[in-house]
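Read-outs: derived from the displayed coordinates by stated rules, not from any lab. The shown structure was predicted, so the numbers you read here are calculated from the model rather than taken from an experiment. Glycine gets a Cβ as well: all are built from the backbone with ideal geometry, and neighbour counts include every protein chain shown.
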Amino acid sequence: MALHKMAEDYYAWRNENYPVRSSDAGLHTWDDRLTNYSPAKIEERARHVHSLLEKVRAMKTDNWPKDDRIDWILFQSQLEAVDFGNRVLKFERTNPQTYVGECTNAIFSLLKKEYDTPRKRAIAATARLKEMPALLKQGLGNLQNPVKLYAQLAIQSARSIDPLLNDSLMALDVDLPPNEHDDLIKSRDIALTALHNYADELEKRLPKMVDFAPMGEANYNYYLKHVLLLPLDATQVDMIGRVETARYRALEALLADPKLADPDPKRSAHIPPDQASFLKAYESREQEMINFIKEHNLVTLPDYLGAFQIRQLPEAFKPTNPGGFMNPPGVYDKDPTGFYFIPTYDPQSKNFYIRAAIEDPRPILGHEGIPGHFLQLSIANHLSDEIRRQHEDGVFVEGWALYGEEMLMRTGLYPNNSPAQGQILRLSRYRGARIGVDVNLHTGRWSFEQAVKYFMDAGGLDREAAEGEAAGAASSPHQKISYIIGKWQIMNLLGRYKDRHGENFRLGQFHDDLIKNGSLPVSVVEWILLNDPTALEHAVK
C-alpha cells in the first residue's frame, strides 16, 4: 500500500543522509562518509521530513483495517520525532555534542564488529577521518546558540577520544600497504588535532553560553503525546516518578539489612584482580540466568539469538554514559552478536555500576542482556512489517528491561535479603528519580545542580554517577522517563492480560506475546493484545 511505499522510501533516504547512523545500524553502504551538516543540507532535510509528515497526517484512515491504522500512527510518530528535533531542539545549533558524537561514532561503528576485512574498514575510517576537520569547522559555524552544559560534555568527549583513535582504531592497521598505512596515520593525527582544537574553541566560548535551555512544558507535553504516544502529561509523569521513587526507597528500608541496597564489593567472595578477569566474571553469570529462564518457562529464546558479550566502555562515551551502554545487533546487522560496554574496571571505584557489577552483575546483566535489551531487540529486528521493525520506542525498550529486573527477582532468581535483591530495589529507586530530573530540567523548573542533588538524595547515587546521570538526562530529553514509565505501563498491561486469560494465564506466554510485536509504544501493544485502543486514543486525540 501507499503508506508502506512512503515509509520504505523514507528509510532509504534517511539511511543515505545519515551514513554514520547507518553504519551503526549494520548497514555499511556509506562507511566512507560523514553526515553533511551544511546549513543548506540541514534545512533541506528538515523540509523533506516536514513535508512527508504533512502528507501522512492528511491521509484518511478511518476505514482502514486495524493493522494498517497502527502502522500509520507509528510512521507518523517516527516523523514527528525527527520534526520535533528540527523545530524545537535544533541540536545542530545548540548542542556541540552533535559533532563530537558524529566523529566518535563514525569510527566506533567501523570497529565494534568484524563485518569486513580490517583493510576495507581501515580505508573507510581513513576517508571519515579526512572529513572530520571540515565537519568540526562547520559545526563551530552552526553553533549559534550553544548550551554551556552540552559544550562542557562535548569538551570532555573530544579530549577523551585519543584512546579510540590511537589504540582501538589501530587494530585495523593489519598488513596495510605502506601508502595506506601512512594515509591512515596522517588522517588520524589531523583529525585528533581538529578535535582538540574544537574543544579548545568551545572552551573559549563557554563564558558567553547559556547554562541550559529548557524546552518548556508545552513542548515537553507535545513530545509525550505525538512521539511517545503516551496517554500522560508532564505532571502525571512526574507524579508516577515520585510515587515509584518513594515506594522503592521504602522497600530498601524494609530489607533485613538496608545497606544491601548500596553495592559493596567487600561483601563479595571474589574481587577480580584486573579488567580482563572482571569482564570474564561478568560474562560468566549469563548462562545461569539463561538456565533459570528456561527452567521456569519465562520467555522463549529464539534460535537466531547471537552471543552477548561484555566489553570495556571507550572513554569518549563516559561523560554521558557513566554506567556504560548496551549495543544490540543493528536493524540491518547480519551479525547477531550484542555487546554491553561497561566502565573501566577499578576495584576501589565509588561508581555505583562498578560496585554493583563486582558484588553481583546479574541484575544489570538481566537488564542489558537476556531477558532484557539484547533478547527484546534481537526479536524486534526480525519483524516482517518494516514500519514496526524500524520503530524504536524507548519507553517500551527500557520499560521491558527494567520490568525484567524485578520479574527475575519475584520469580525466584535471587534469595530474599541478598545483595542482588537490594540492588534491584536501588536500581528501580534511582530510575524513579530519573523522572523527576528529566521532567523538571526540561520544563525549566530545576537547575542542573538541583538535578544532581535530587539523584543523590532521592535516588541514592554517588556524586559521580549522579552527575553523569543528570548530564545524560539533559542531553537526551525524555529518555530518562522511559524506564519507570515503561515498566509501569507493562505492569498495568500484565494485570489486565492475566484477568482476561483467567485460568489459561501463563506468565511466559505474556512475555512472548508482549515482545513479539517489536519496540512499540505500550498504548499500541494494548490495542494489539487486548483489542483496547483507549490509551492510544487518549494519547493521539
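3J(HN,Hα) along the stretch 138-155, derived from phi through the Karplus expression 6.51 cos²θ - 1.76 cosθ + 1.60 where θ = phi - 60°, amounts to 4, x, 4, x, 6, 6, 7, 10, x, 9, 4, 4, 4, 5, 4, 5, 5, 4 Hz, with x in place of Gly and Pro. For the stretch 246-370, the Kirkwood estimate of the hydrodynamic radius, built from every pair of different alpha carbons, is 16.1 Å.
Note on Asn297 and Gln479: the model spin-label points, each 7 Å out from Cα along the C-beta direction, lie 3.9 nm apart. Relative to its residue count, the stretch 2-208 spans a Cα convex hull of 125 Å³ per residue.
In terms of overall dimensions, the stretch 143-197 has a Cα radius of gyration and Dmax of 14.6, 46 angstrom.
A full extension of the chain between Lys41 and Met239 corresponds to an added length of 67.2 nm, given 0.36 nm per residue minus the alpha carbon distance. Under 5 Å from the amide H of Phe308 lie the amide H atoms of Gly338, each residue being 5 or more positions distant or on a separate chain, with H modelled from the backbone and absent for Pro and chain starts.
Let me check I've understood the local charge: for Asn179, count other residues with C-beta under 14 angstrom from its C-beta, Lys and Arg +1, Asp and Glu -1. What total comes out?
Details: positive: Arg119, Lys186; negative: Asp173, Asp175, Glu180, Asp182, Asp183.
With Lys, Arg at +1 and Asp, Glu at -1, the net is -3.
Beyond 13 Å, the tail of the calculated P(r) for the stretch 89-149 holds 64 percent of the Cα pairs.
Rounded to the nearest 20, the size of the Cβ-charge dipole of the stretch 217-486 about its Cα centre is 400 debye, with Lys and Arg at +1 and Asp and Glu at -1. For the stretch 217-486, the equivalent ellipsoid derived from the alpha-carbon gyration tensor has semi-axes of 27, 24, 18 Å in decreasing order. With no solvent and one equal point scatterer per Cα, compute the Debye intensity ratio I(q)/I(0) for the stretch 46-149 at 0.12, 0.20, 0.22 Å⁻¹ and report its log10, rounded to two decimals. Ignoring solvent entirely, the Cα scatterers give -0.66, -0.99, -1.05. Under 5 Å between amide hydrogens, built in the peptide plane, is the criterion, and for Trp446 it picks out Leu441 among residues at least 5 positions away or on other chains. Taking a Cβ cut-off of under 15 Å around Trp446, the surrounding Lys, Arg, Asp and Glu residues balance to a net charge of -3, with basic ones at +1 and acidic ones at -1.
Give me the net charge of Lys148's neighbourhood, meaning all other residues with Cβ under 15 Å from the Cβ of Lys148; Lys, Arg count +1, Asp, Glu -1. All intermediate terms of the calculation are to be shown ahead of the outcome.
Details: positive: Arg93, Lys204, Arg205, Lys208; negative: Glu201, Glu203, Asp211, Glu449, Glu467.
My count for the surroundings of Lys148 gives -1.
Computed over the alpha carbons of the stretch 194-305, Rg followed by Dmax gives 23.3, 60 Å. Shown in residue order for the stretch 488-501 are the 3J(HN,Hα) couplings computed by the Karplus curve 6.51 cos²θ - 1.76 cosθ + 1.60 at θ = phi - 60°: 4, 5, 5, 4, 4, 5, 4, x, 5, 4, 4, 4, 5, 8 Hz (x for Gly and Pro). Note on the chain: Rg/Rh from C-alpha atoms, Kirkwood Rh, equals 0.95.
Calculate the dipole size of the chain relative to its Cα centre from +1 charges on Lys and Arg beta carbons and -1 charges on Asp and Glu beta carbons; express the result in debye to the nearest 20. Don't skip to the end; give the middle numbers.
Working: 64 positive and 74 negative charges, 190 e Å.
Computed charge dipole of the chain: roughly 920 debye.
To the nearest 0.05, how large is the calculated FRET efficiency for Lys266 and Lys60 if R₀ is 56 Å and r is the Cβ-Cβ distance? The computed FRET efficiency comes out at 0.30.
Using just its DSSP H runs of length 4 or more, each adding -39500 (n - 2.57), the chain gives a mean residue ellipticity at 222 nm of -19500 deg cm²/dmol after division by all residues.
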